[in-house]
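Engineer: Input: one structure, supplied below.
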Ligand code: GLN
């Protein structure tokens, strides 16, 4: 029997609801239960693919090609359960599907309304594609009290009624702010938030209370009394030094036990040893390395969430702390890179879209290549590496990408420009770019004897993609002659997936996003190897 845990947030946003959900999933999993996490997002965008990373953080891509909320990255990293298309929905998606049904006449003349049509669709989404999971954890985005989350709250209220208490539980994440002048943590915002939930018919079962210090017993009692929950179900969620501590500390505060108790389950014994080991490694590194990340959205680090996590995982595997220094690539277009990049142990250019800062990224690649500093290029980071190699190793004058203007030599271009039946496809200027994105997992064949082959220890791999442009294979021979090797290709040999410079201590660039598949317990081999190379580099400088 699958049980459903609905997770809402109150008081303020950014309380770490995604992480809290993932941590509860991890704790239940550590008790031997099978879990899956899902997220319902109240915004109107059909998916976050069209949202600026500045506003919403990174777009997380699943194996099956869904562009999803970054919280799904937390879910995957904490539970190692691959997220799917059916694990994230937005208001925009719900409405577009309901409207499509209405246009088809599927509602047989009915007046289509928020209740029941929109809420029915949400309920179907929550209950759909559920297998033999013991627990489905359903996180509702936004903060209780927002107008836009109302249909979702109504849907989960109805589900609570339909599933019954033995199959549905409501957990609410709140904040206890500390007021210095009073010298107290305040419970009132929590009381109001719980009341707000009650107003839409949902009585919270468990309250997870974020606070920056110990919550005195008296305050917990007060919350229990006013919010109508048992004292033990008021769980302190205090700030911790590393995110990997979260499942452990929630467990110590009794969260997973309360969930089991509330469902009348004999909580099976739990094993959190692998989490403890990770915390131990993160908090007691044996050394440190500094990695420069040359990107675009560097003022909002959520834009590169999976990337910074994957680098941390690479550090865990090598027992070192990875210090990340973020650079806005545009700076390198005006100023000499040396003053910024001299002394770093590795340089990484991550994925990105649009022209801004690309020449600066190319400068960063050049610096890494010429100075023998480990270089890791991801997606756009591979495309700029190929442009740099074309210009400065193969002397192809005017090499560039068609994403970034009209280069004389399009070494990177829209894949359809040359791939379609031997004809160069021309796209109308204002043509729709939708549908041309390569999304989700694709296989890649590795060249024997290459660094990539060594790192993966496999002939064929599968990695996740999110891009429109590709390296143009018409330049492959010229680039190979100049010393850039194509060590990973799509199985049909048409799309370059990995390039490397065998002469360089560590220069690997990939068209896909390996960071999306790295987990603390299964650090991605490319990140492990890159950080290892950075450790070697740190011994030289
Ligand atoms: N902008 C490039 C493309 O669309 C790279 C995308 C990315 O780095 N994710 O191909």
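Engineer: What is the gain in length, in nm to one decimal, between residue 44 and residue 12 on full extension, counting 0.36 nm per residue of separation less the C-alpha to C-alpha distance?
Structural biologist: Answer, rounded to one decimal: 9.5 nm.
Engineer: Could you list 414, 108 in order of exposure, starting from the residue whose Cβ has the fewest other Cβ atoms within 10 Å?
Structural biologist: Neighbour counts put them in this order, fewest first: 108, 414.
Engineer: May I pose another question? Which shape class, rounded, prolate or oblate, goes with region 257-303 when its Cα gyration tensor gives a ≥ b ≥ c as root eigenvalues, a/c under 1.5 marks rounded, and past that a/b bigger than b/c marks prolate?
Structural biologist: oblate
Engineer: Let me make sure I get this right: for region 207-262, a, b and c are the square roots of the gyration tensor eigenvalues over alpha carbons, sorted descending. Under 1.5 in a/c it's rounded, otherwise prolate if a/b > b/c, else oblate. Which is it?
Structural biologist: Since a/c reaches 1.5 but b/c is at least a/b, the shape of region 207-262 is classed as oblate.
Engineer: Right, here's the next one. Rank these for me by crowding, 408, 361, going from fewest to most other beta carbons within 10 Å.
Structural biologist: 408, 361
Engineer: When the helix-only estimate is applied to the chain (DSSP H runs of n ≥ 4, each -39,500 (n - 2.57), divided by the residue count), what is the mean residue ellipticity at 222 nm, nearest 500 deg cm²/dmol?
Structural biologist: Helix-only estimate at 222 nm: -10500 deg cm²/dmol.
Engineer: Among 475, 340, rank each residue by its count of other Cβ atoms within 10 Å, from fewest to most, as a rough exposure measure.
Structural biologist: Ranking 475, 340 by Cβ neighbours within 10 Å, fewest first, gives 340, 475.
Engineer: Taking a ≥ b ≥ c as the square roots of the Cα gyration tensor eigenvalues, with a/c under 1.5 meaning rounded and otherwise prolate when a/b beats b/c, else oblate, which class fits the chain?
Structural biologist: Note, shape of the chain comes out prolate.
Engineer: Next question. Using r as the Cβ-Cβ distance of residue 130 and residue 224, and R0 as 22 Å, what FRET efficiency do you calculate, to the nearest 0.05?
Structural biologist: In this case the efficiency is close to 0.10.
Engineer: Still on this structure: In whole angstrom, how far apart do the alpha carbon centroids of region 441-474 and region 67-88 sit?
Structural biologist: The distance from the Cα centre of region 441-474 to that of region 67-88 comes to 23 Å.
Engineer: In whole angstrom, how far apart do the alpha carbon centroids of region 310-383 and region 103-136 sit?
Structural biologist: Value for the Cα centre distance between the two parts: 46 Å.
Engineer: Over the chain, what is the relative contact order in percent, taking alpha-carbon pairs closer than 8 angstrom and at least six residues apart?
Structural biologist: Contact order relative to length: 14 percent.
Engineer: Counting only C-alpha contacts under 8 Å and six or more residues apart, can you give the relative contact order of region 469-541 as a whole percent?
Structural biologist: It rounds to 19 percent for region 469-541.
Engineer: Nearest 10 degrees is fine. How inclined is helix 525-540 to the longest principal axis of the chain, computing both from alpha carbons?
Structural biologist: Around 60 degrees separate the two axes.
Throughout, read-outs are computed from the coordinates displayed, never taken from laboratory work. It should be emphasised that the depicted structure is a prediction, and the values quoted were computed from it without experimental measurement. Every residue, glycine among them, receives a Cβ derived from its backbone with ideal geometry; neighbour counts consider all protein chains shown.
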